[in-house]
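The values are calculated or read from the model by the stated rules, or taken from the named source; none is laboratory data. The model shown is predicted, which means the values in this text are computed figures rather than measured ones. Cβ sites come from the backbone with ideal geometry, for glycine too, and all protein chains shown count toward neighbours. Surface areas here come from the heavy atoms of the whole protein model, side chains and all, with no ligands, DNA or RNA. Shrake-Rupley method; radii C 1.70, N 1.55, O 1.52, S 1.80 Å.
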Amino acid sequence: MDVTFAKGRNMRHPSTLRVVGTVLAVVVAGLVPAVAAPSGTAAAAEPTATETVISSDFETDLAPWGARGDGTNPTVTRTYTARHGGTWSALVAGRTQGWHGIGADVTSVFTVGSTYHISAWVKLAEGAAPDPSDLRLSIQRELAGATTYSTIATVTGVTVGAWVQVEADYTHAAADSALLYFETPSALVPFLVDDILITRDATSVQTDIPALKEVLPWPIGMAIDERETVGSGAQLVTMHVDQITAENFMKPESIQPTEGTFTFTAADQLVDFAVANDLRVYGHTLVWHSQTPEWFFTDTAGEPLTADDPADVGLLSQRMHDHIFAIADHYRAKYGEFGTAGNPIVAFDVVNEAIAESEADGLRRSPWYNVLGEQYLDLAFGYASQAFNRGVTVDPPVQLFLNDYNTEQPAKRQAMFDVVQRLLSRGVPITGVGHQLHLSMASAISQAQASIVKFAELGLLQAVTELDVVIDAPVTPEKIVQQGYYYRDLFTMLQEFPDLFSVTLWGPYDARSWRSAGEPLVFDGELQAKPAYWGIVDPSQLPSLTRNVNTHAGDVPIDGAAVEALEWQLLPVATIASTEAGVTGFQLRWAADHLTAYVEVADATVDTGDAVELFTGAASAAVSRDGTTDDSAVVTSTDTGYTVVASIPVADLAQGDVVPFDVRVTDASSGEQVSWNDLSHGQEDGLRLGSATLIEPVAYVAIPQAPATPMIDGIVDEAWADAPAVTTDVQIEGTDGAAASIRLLWSEGALYVLAEVTDPVLNGANSNAWEQDSVEIFVNPGNTKAGAYGPDDGQYRISYTNAQSLGGEPALLGNLTSATAVTATGYLVEASIALAGPVEPGVLVGLEFQVNDAGAEGTRIAVHTWTDPTGRSYQDTTRWGVAQLLAPPPFVPDPEVQLSTHDVRAGDTVTVELSGYLPGSVVQLQLEQGTFFQWGHKLPVQLAAVTVDDQGAATVEVLVPRRTHLGLYTLAAVSGELRAGEPLSVFPGGRGHRWR
Ligand code: XIL
């Protein structure tokens, strides 16, 4: 059976590949049926050993092979002057560089993680010199703008005289595009290639497991492309789902790459596949800012369309109209009227990703918005309603969705809700809201639930349109199991809403996911059911979970202060058990040669057998409640039970290590035990311990009270002079780029932040607020570190132009006051954030900072944080640092006097400056005996009494009495114990005689 694959869309390589044919012939030999059994039945797979992915004998054409060169050299042609089999072979001639050769674009042929068996025959062409020469089979991969070249095989001593076989196995690595090619290490010889055969071991789809569509209450979908219309991919899709979405092929750039040229081939292949397999099609997407060609938004002269020019507004509306109608007309013509048998299209994402919670009107500043304003939404839904549904708005054949990501997050949820409500109030024919749900395991399921509940108020359909759940790097077997539990909980929640229009997984299996590194789907790269699948289908099949605790570096001495140490106040305990009696839980820290555990036990009945036991791979430690242990542990009684701090030796620990760990707590009076990981409490065999991942210390900063409340005006006033600073040294995206030094103070119910950002290129053009040059301040009042954001947790973003945006409950924006200024080296952000709860000395606040660096192109090129390395501060509070509010420093008196003069005529005045006295105290100024004075006075002579201000200072003018005798005195300033003085020489009034 022959199937065609379209050429990869993103192929970029320094040299040009002249592909003679633009399609790759792919032969699927003796494999499972490409078109699977009818819906509802799981077809029995015919497991076969291998699957042919490329077979080229050059008998009829060169495709998919072509020249790899500079456009002129080399030439690649079919030739009958030599062959390995048949009549023809491929000749590479005119090579002027070693890398000139023959190549094939394998971007959409090779899957990440799959191993390919490559065989080909090669020989030097007639007249080649030197003869023999070496030949090489290589692959060039482009990934995120970087190019990697790998040699797959080198064949030494290839001659003109004989064909030799190249044979190699190659496992494909991640690539945006990939080119497989033959070249020579150096010799510029012409050569011949023939009978290239590339196969891979066929993956067989499991047919003995339940089909997803059989166990779920609503239509389940998958995003697919042409790779899932054949072979095992197709079998997986048809077995498990009721509906497909085109992952890319119905996007504007695919359907109308240049104005008026509509290319439906790739999309139709998917719709045909749906028709053949009785699947519904969810269309994606008509109007979007991304994957939409530039021509939509430029005039014929190449100038951007603008809102000011009525002709531009007309042109863009017309283009939107034409695009939508062309799509609807095409599918009506090809598959019959929408809503009739034969036409599988049941829904369309009419507008994708229109929402920006950072904008007052909740709308992203996309080119559509910038030219047409909010009415672009009305137009899009109006056109789609006319085009697909002929204006029918009640039970229309094609449901019309507004689709977006992060709709589970409170601010975005609210923004989208408000926008949709406005659309409805204007009678716009929207019928559904799409929640993409691109999640991670830190995303709170309760938030997605809250969004579905909220949108239900509007009476619209709701769909989950692009579900995936990424695992943070590194992906480990434990996290794959954890992901299974996450899917279980997520699908349990989703099934509370049996009316969902559909739930679509964004991709068929991990290796085919757009976020493949995070293995976010329910089938693995080999198409096998993961724990995530079992979490949905039958959670009782989930393997037991190995828990992991992130363990910060830290050391608490085992002494009387151990239980009360600040270190343990910085984080919440990991819960082992939570009962009416209270919480039993623990914290752990690591140092090079030991772990230190803090274990809080809720156990009201004191019994000599009560104990806490700690287990690592190599050692264990038992601490009994009565404290009868060696000096490696201390025990303190608490209101609900007791708390233990114990250290346990483990050799050679280093950051990044993952070490086995468990805690077991025994309540002797009831005979009950609780354990953190091993629920059988049989830790002694070491088989079911949890693990501890050793990470950086908890970032900590102590914040002093502001000496005077700073003005939030973008000007660095005196109050900041002594504020402590933290720096954003943790790079989480890009290399180098903008970073900040951040000073901190607190005052009157709020935290004060001064971020000085070094950033030579300032750019705020991106319609994503986080891709603008900006500083983010993450605040978790009370330092609860609960993971998902609670109602008081906020991500406050301030761009360099002082545009504010927020993650968290929308009302939190009221806490933020900010000002910005451009500086010689970048910009500064000055902000105050009102804190929920008490703001007083001793209070702990979870805190993080992030600097987003927009490059000259207006996209984000670098991100730095203070401490959280996960890149997920916007979703998860656990890895933020901790700030503690300090009491004002105790006052240390330091009395000082300064005089405006040291010589004065009796009867004149002296200006006296006092400082360093107790604030508000009364200071007595007096003349005392100096080194020389005129007898006759009764000393001291009282001059004045002054009350100093709240800084302990005062300035006062005092009169030296007329009758003061000539002499060298001390002008003293005395307040209780505190005194200071300065010499003052007084000479009689009018006589002009001075003492020096
Ligand atoms: C993604 C595709 O999965 C990728 O293959 C493509 O390179 C980029 O787009 N939100 C959407 C989808 O609405 O269209 C995006 O799909 C993922 C995010």
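Remarks
- Extension gain for Leu939 to Asp278 (0.36 nm times residue separation, less C-alpha to C-alpha distance): 226.8 nm.
- Summary value for segment 269-392: 34 percent relative contact order, contacts being C-alpha pairs under 8 angstrom separated by 6+ residues.
- 0 to 90° range, to nearest 10: angle between helix 310-335 axis and the chain longest Cα axis: 40
- Relative packing of 208-214, 673-679, which averages over residues the other C-beta atoms within 10 Å, highest first: 673-679, 208-214
- When you restrict to C-alpha pairs under 8 Å that are six or more residues apart and normalise by the size of segment 706-794, the relative contact order lands at 18 percent.
- Distance between modelled label sites at Thr87 and Asp652, nm, 7 Å Cα→Cβ extension: 6.7
- Rolled with a 1.4 Å probe across the full set of protein chains, the surface gives Tyr486 an accessible area near 20 Å².
- Local net charge near Val583, Cβ-Cβ under 15 Å (Lys/Arg +1, Asp/Glu -1): -4
- The accessible-area ordering, largest first, of the residues Arg515, Arg962 stands as Arg962, Arg515, per a 1.4 angstrom probe.
- Multiplying the residue separation of Ala144 and Thr115 by 0.36 nm and subtracting their alpha-carbon distance yields 8.2 nm.
- Using alpha-carbon coordinates, inclination of helix 410-425 to the longest axis of the chain, degrees: 60
- Percent accessible area from carbon and sulfur atoms, the chain, protein chains only, probe 1.4 Å: 52
- Solvent-accessible surface (1.4 Å probe) assigned to Thr758 amounts to roughly 80 Å².
- Projected-area average for the chain over all orientations - Cα convex hull basis, square nanometres: 58.4
- Using alpha-carbon coordinates, inclination of helix 445-456 to the longest axis of the chain, degrees: 80
- Relative contact order computed over the chain (Cα-Cα under 8 Å; 6+ residues apart), in percent: 6
- Counting only DSSP beta bridges whose two residues both lie in the chain, roughly 80 percent are antiparallel.
- Taking a ≥ b ≥ c as the square roots of the eigenvalues of the alpha carbon gyration tensor, segment 193-265 is oblate, as a/c is not under 1.5 and a/b does not beat b/c.
- Lys, Arg +1 and Asp, Glu -1 on Cβ, resulting dipole of the chain about Cα centre, debye, nearest 20: 1760
- In this structure, the residue pairs whose Cα-Cα separation is over 24 Å, taken from Lys479/Lys785; Lys530/Lys785; Lys251/Lys334; Lys412/Lys785; Lys213/Lys530, are Lys530/Lys785.
- Accessible solvent surface per residue of the chain, calculated while the other protein chains remain in place, 1.4 angstrom probe, Å²: 40
- Applying 1/(1 + (r/R0)^6) with r as the Cβ-Cβ distance of Asp472 and Gln528 and R0 = 22 angstrom yields a FRET efficiency of 0.50.
- Of the peptides 79-88, 772-781, 526-535, the ranking by mean beta-carbon count within 10 Å, highest at the top, reads 772-781, 526-535, 79-88.
- With each label modelled as a point 7 angstrom along the Cα→C-beta vector, the Thr727-Leu687 pair spans 5.1 nm.
- Length gained when the stretch Ala834-Glu718 is fully extended (0.36 nm per residue, less Cα-Cα span): 39.6 nm
- Applying the criteria of a DSSP loop state and at most 13 other Cβ atoms within 10 Å to the GluC sites (Glu not before Pro) of segment 895-978 yields Glu977.
- Surface accessible to a 1.4 Å probe, Ser799 within the full protein complex, Å²: 10
- Cβ-defined net charge surrounding Val350, 14 Å radius [Lys, Arg +1; Asp, Glu -1]: -3
- Pairwise FRET efficiency - Asp626 versus Asp134, Cβ, R0 = 60 Å, nearest 0.05: 0.20
- Residues Arg422 and Asp894, FRET efficiency given R0 of 45 Å [Cβ-Cβ distance, rounded to 0.05]: 0.10
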